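Read through the structure below, which is laid out as structure tokens, and then see the notes.
Nothing in this text is a laboratory measurement; each read-out follows from the coordinates by a stated rule. These numbers were taken from a predicted model, which means no experiment stands behind them. Here the Cβ is made from the backbone with ideal geometry for all residues, glycine too, and neighbour counts use every protein chain on show.
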Amino acid sequence: MKTLQTEYDQPLASFNTLALPAVAKLFFDTSNEDQLVAALEHCSNIGEIPLILGGGSNIVLSGKPIPVCVRIASRGIRVLSKSADRVIVRVSAGVNWNDLVEHCLAAGYYGLENLALIPGSVGAAPVQNIGAYGVELNQFVERVHFRWIESGKAQNYSAAQCEFGYRDSVFKRQLNDKVVITAVDFSLRLHSEVNIEYAALRQELGDLLTPSPAQVRDAVVAIRRRKLPDPDSLPNAGSFFKNPVVSKKTMQRLCEHYSNVVYYPTSSSDEFKVAAGWLLDQAGWRGVQEDRVGVHREQALVLVNHNNAQGAELLDLAARIQSSILALFGIDLEIEPRIY
Ligand code: FAD
Ligand code: EPU
């Protein structure tokens, strides 16, 4: 095992896409499972639960010191098996998500193209069951491999055991702060069958009625580049709030007041998902810029750090947005990224 890379008082601003400052008292950079086990053993010895860090694209650092941070930077993509129409691929947690999407497209393994350009790591993808443009990660997950933080022991869960939901999984609930995901097995298609159900995607494809997976990827990338700011030039964490799921009664009330409200059906006929971006936009938040933080002009659901803001400033803006949406629409917005 190469020596475990250890830093003290490591600044974290360059390790999160919101570029928020905080200091990790102890920082372990792990590039394989042996190093991860060694880091976890250290955490257990000193009685600290580490912040597990991937690409830092779904966290908000409040500024409090972080006692221990364990970064997952393991690499590796390998085929476990192939049948006539599916391939099972095992991917290490530290692999960059978009690199995996591109690798799969080039190899002729299909399904992930709608999830192109989502920042972050493969290991974090099951945590909130990443989703975009009509596809969610769980549609392609076979198993998730993890280690228990306390004991370092390895285990794995089937997709059903992961209890995936909209921006949700067992890793956000019962297993929160208890495990580190080390690898994910994906079951991907060997034939091209695309999903172009999402209205904005169909619109982007225009006359292309039977696009190839690569053309779907290109369309998704084009939409994302237009709407979502590149964290390298305008720090952000993607959607700051989840799209709220409301009852049929609330939905009817909203429709009576606002004929143009944007909403989607869910798997339950009694519940509907409201576009939170639309709510923020209606409430006048789109494009608002305060001192150092603001709301993105092209997509009101994205909060941005304009100029070296502190986490507290962003969280203060988020709290005022939540109050205004509650007052105007009677809807509670839930913050999507995890706050530390
Ligand atoms: P991090 O931010 O490092 O971590 C996020 C959470 O997961 C933390 O609680 C962390 O402790 C935990 N975690 C990380 N790695 C592991 C691991 N190996 N084991 C256990 N826990 C772990 N998300 C979407 O779903 N759809 C989108 O379309 C989308 N678009 C985005 C666009 C932009 C511009 C940005 C900045 C973000 C977007 N996101 C989107 C959010 C984000 O990209 C995803 O949530 C991504 O999966 C986070 O990966 P990460 O490695 O950066 O996680
Ligand atoms: N809208 C507005 N004004 C805005 C923003 C949105 O009116 O400022 C309306 C538009 O009518 C649009 C609708 O809201 O048609 C939905 O917007 P969009 O297609 O951009 O999707 P979203 O619901 O805002 C969700 C995910 C994104 C994901 C996209 C595409 C959540 C919380 N967000 O956003 O995920 O990329 O769909 O599938 O579910 C993320 O999680 O970080 C993220 C970026």
### Query
Can you give the % of DSSP beta bridges in the chain that are antiparallel, to the nearest 5?
80
### Message
Sequence gap at least 6, Cα distance under 8 Å: using those rules, report the relative contact order of region 187-340 to the nearest whole percent.
### Response
21
### Message
Between Leu328 and Arg297, what's the calculated FRET efficiency when r is the beta-carbon distance and R0 is 22 Å? Round to 0.05.
### Response
0.60
### Message
Taking the Cα centre as origin and putting +1 on Lys and Arg beta-carbons and -1 on Asp and Glu beta-carbons, what dipole magnitude results for region 50-115, to the nearest 20 debye?
### Response
300
### Query
Where does the chain land on Rg(C-alpha)/(2.2 N^0.38 Å)?
1.01
## Note on the structure
Quick shape summary for region 285-340, equivalent ellipsoid via Cα gyration tensor, semi-axes whole Å in descending order, reads 18, 14, 10
### Task
State the percent of C-alpha pairs, over all pairs in region 72-176, separated by a distance greater than 17 angstrom.
53
### Task
Using θ = phi - 60° and the Karplus relation 6.51 cos²θ - 1.76 cosθ + 1.60, list the HN-Hα couplings for region 253-261 in order, rounded to whole Hz, with x at every Gly or Pro.
4, 4, 5, 5, 7, 10, 5, 9, 4
### CD proxy at 222 nm, helix term only [per DSSP H run n ≥ 4: -39500 (n - 2.57); per residue of the chain; nearest 500]
-7500 deg cm²/dmol
### Query
What does the highest-first list of 83-92, 51-60, 131-140 look like by mean Cβ count within 10 Å?
51-60, 131-140, 83-92
### Message
Can you give the FRET efficiency to the nearest 0.05 for Glu41 and Gln215, using r as the Cβ-Cβ distance and R₀ = 41 Å?
### Response
0.30
### Query
When the scattering of region 58-115 is computed by the Debye formula from its Cα atoms alone, each counted once and equally, what is log10 I(q)/I(0) at q = 0.16 Å⁻¹?
-0.64
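Relative contact order (percent) for the chain, with alpha-carbon contacts under 8 angstrom and 6 or more residues of separation?
Normalised by residue count, the contact order of the chain is 16 percent.
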## Note on the structure
Once the in-chain neighbours fewer than 8 apart are removed, the lysines whose Cα is under 24 Å from Lys248 read Lys273
### Message
Straight-line reach only, C-alpha to C-alpha below 19 angstrom: list the aspartates and glutamates that Lys64 could link to, leaving out same-chain residues fewer than 8 apart.
### Response
Glu7, Asp9, Glu48, Asp177, Glu313, Asp316
### Message
Quick check on packing: order 115-128, 244-257, 30-43 by the mean number of other C-beta atoms within 10 Å, highest mean leading.
### Response
115-128, 30-43, 244-257
### Message
Explain nothing, just the number: dipole magnitude of region 68-189 about its Cα centre with +1 on each Lys and Arg Cβ and -1 on each Asp and Glu Cβ, in debye rounded to the nearest 20.
### Response
340
### Positive-end extreme of charge dipole, region 201-318 - chosen from Val293, Ile223, Ser268 (charges on Cβ)
Ser268
### Message
Modelling each spin label as a point 7 Å along the Cα-to-Cβ direction, I'd like the Lys249/Glu313 distance in nm, to one decimal.
### Response
4.3
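Can you tell me the length gained on complete extension of the stretch Leu190 to Lys172, counting 0.36 nm per residue apart and subtracting the Cα distance?
3.4 nm
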### Segments 144-150, 285-291 sorted - mean Cβ within 10 Å per residue, highest first
144-150, 285-291
